[in-house]
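A.B. asks: Below you'll find the structure I mean.
Bear in mind these aren't lab numbers, they're just calculated from the coordinates by the rules spelled out. The structure displayed is predicted, hence computed values, not measured ones. Positions of Cβ are backbone-derived with ideal geometry, glycine not excepted, and every protein chain shown enters the neighbour counts.
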Protein chains: 2
Amino acid sequence: MVRQIFEREDLIPKLAEIFRQHGYEGASIGLIVAETGAGRSSLYHFFPGGKEEMAAAVLDNVALWFETHIFTPLDTLPEAEAIPTMIRAVTEYFRSGQRICLVGAFALDRTRDLFAERIAQYFDRWLASLSGCLRRAGLPEDAAFARAAQTIAAIQGAIVLTRATARDCLFHEVIAQIAAPSPQLSQADAKDSPS
Amino acid sequence: MVRQIFEREDLIPKLAEIFRQHGYEGASIGLIVAETGAGRSSLYHFFPGGKEEMAAAVLDNVALWFETHIFTPLDTLPEAEAIPTMIRAVTEYFRSGQRICLVGAFALDRTRDLFAERIAQYFDRWLASLSGCLRRAGLPEDAAFARAAQTIAAIQGAIVLTRATARDCLFHEVIAQIAAPSPQLSQADAKDSPS
DNA sequence: GTCTATAAAGCGATAGAC
DNA sequence: GTCTATCGCTTTATAGAC
């Protein structure tokens, strides 16, 4: 086994993928050693706090990625571009639902208690940026927040549905509908409910 | 510590709650012994296959509950009642998003591979019942399936969002919007897009 | 059907050499 | 910064008495 020399920053994406695939509890140090190719001592050298520090670093790294590629565009791009940009970015990032959202997954069991602030911060930031964007697009505040929640829930739920059924067409099915909100539904209405 | 005499069926709801709170990997036998109050040997007596058999039994029990309280009503109730009935049932069952969906949570990590058939079956059954109901309500087949996927994703995503932010108002916010589908959105359209 | 005791492996984390 | 070796504890699972 050839052992390389690592930098902390190079380890984080590998750690992220391991936590994504196995969950926090399922990602044992032994597994992490095997999958990263890094030695036990190297890992504890870079992350003296052990597994918890590794996961925290991963969550911070995820938050930074979303800040750059999702939240800031939502805050600054013209409304017409912002949401399609977000849809494209999350579709690629989550690999059409075959790659999970680590933050969402950590939220579901006791792991949440370890990283509660980071997890809440991630979703609150997303909700704020998206509803701000919808607000600028002309929706009243209540409706903007409601649709932001609906949209983020749709993305998270689409991941669950896709992973559960192993069919990523379901991801695209759900995502397609959030990209095309009420205006499109009026067409269905025109056909189905003439009243 | 007073030790009771258990029956297998009485253990299953307790096991379900433990798996929900800790995840499959996080739910150790020691924890299960402590939380159920059952002895180690009793557990292996009822579930010779160990933890995997416990989780399988829990998943079967969940599937049965949904069959009775969600899927069969969707298949048999008049369309106007079926979906509000489902909304009420899932809102109570998932405690407004503070209690997770075990099947959805298991789908997110490697645990999925252990129970892949049961997990896929649960969501496929839900999708089939709900889209059948929407079909009877007058939606064309494609639209019915798409809205079924959207609705189930919304429920799953609402749970993630609620657990992540510890605010169950988000659950109700998301659920309220699926309870009011195209017919109601046409009202919004009447206001917002006179074209 | 439940008890106590224990085997055998895996766990997170550390020590000390280089 | 990485190595090997190991500590102390927890894990799943089983054995045998009652």
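A.B. asks: Sort B:His69, B:His45 by Cβ crowding within 10 Å, fewest neighbours at the top.
C.D. replies: B:His45, B:His69
A.B. asks: Over every pair of different alpha-carbon atoms in chain B, take the mean of 1/r and invert it; report that Kirkwood radius in Å.
C.D. replies: Hydrodynamic radius (Kirkwood, Cα only) of chain B equals 18.4 Å.
A.B. asks: Only sites in a loop by DSSP and with at most 15 other Cβ atoms within 10 Å count here; which GluC sites (Glu not before Pro) in segment A:1-68 make the cut?
C.D. replies: Sites meeting the loop and neighbour criteria: A:Glu7.
A.B. asks: What is the magnitude of the charge dipole of the protein assembly as shown about its Cα centre, with +1 placed on the Cβ of each Lys and Arg, -1 on the Cβ of each Asp and Glu, and no other charges, expressed in debye to the nearest 20?
C.D. replies: 480 debye
A.B. asks: Considering only lysines 8 or more places apart in sequence, or on different chains, count the pairs in the protein assembly as shown whose C-alpha atoms sit under 27 Å apart.
C.D. replies: Lysine pairs meeting both conditions in the protein assembly as shown amount to 4.
A.B. asks: Then there's this: For segment B:1-89, give the magnitude of the charge dipole about the Cα centre (Cβ charges: +1 Lys/Arg, -1 Asp/Glu; no others), in debye to the nearest 20.
C.D. replies: Using only the charged Cβ atoms, the result is roughly 460 debye.
A.B. asks: Ordered shortest first, which distances in nm separate the 7 Å Cα→C-beta label point of B:Gly30 from those of the other copies?
C.D. replies: Distances between equivalent label points, in nm: 1.6.
A.B. asks: Given +1 on the Cβ of Lys and Arg, -1 on the Cβ of Asp and Glu, and no further charges, what dipole in debye does segment B:1-158 carry about its Cα centre, rounded to the nearest 20?
C.D. replies: 340 debye
A.B. asks: Further question: At most 16 other Cβ atoms within 10 Å and a DSSP loop assignment: could you name the trypsin sites (Lys or Arg not before Pro) in segment A:1-83 that fit?
C.D. replies: Loop-located and lightly packed - A:Arg3.
A.B. asks: Given springs between every Cα pair under 10 Å in a Gaussian network model of chain B, which of B:Gly26, B:Gly104, B:Gly132 has the largest fluctuation?
C.D. replies: Looking only at B:Gly26, B:Gly104, B:Gly132, the largest GNM fluctuation is found for B:Gly26.
A.B. asks: In nm to one decimal, list the spacings between the B:Glu9 label point and its equivalents in the other copies, with label points set 7 Å along Cα to Cβ, shortest first.
C.D. replies: B:Glu9 label point versus its equivalents elsewhere: 6.1 nm.
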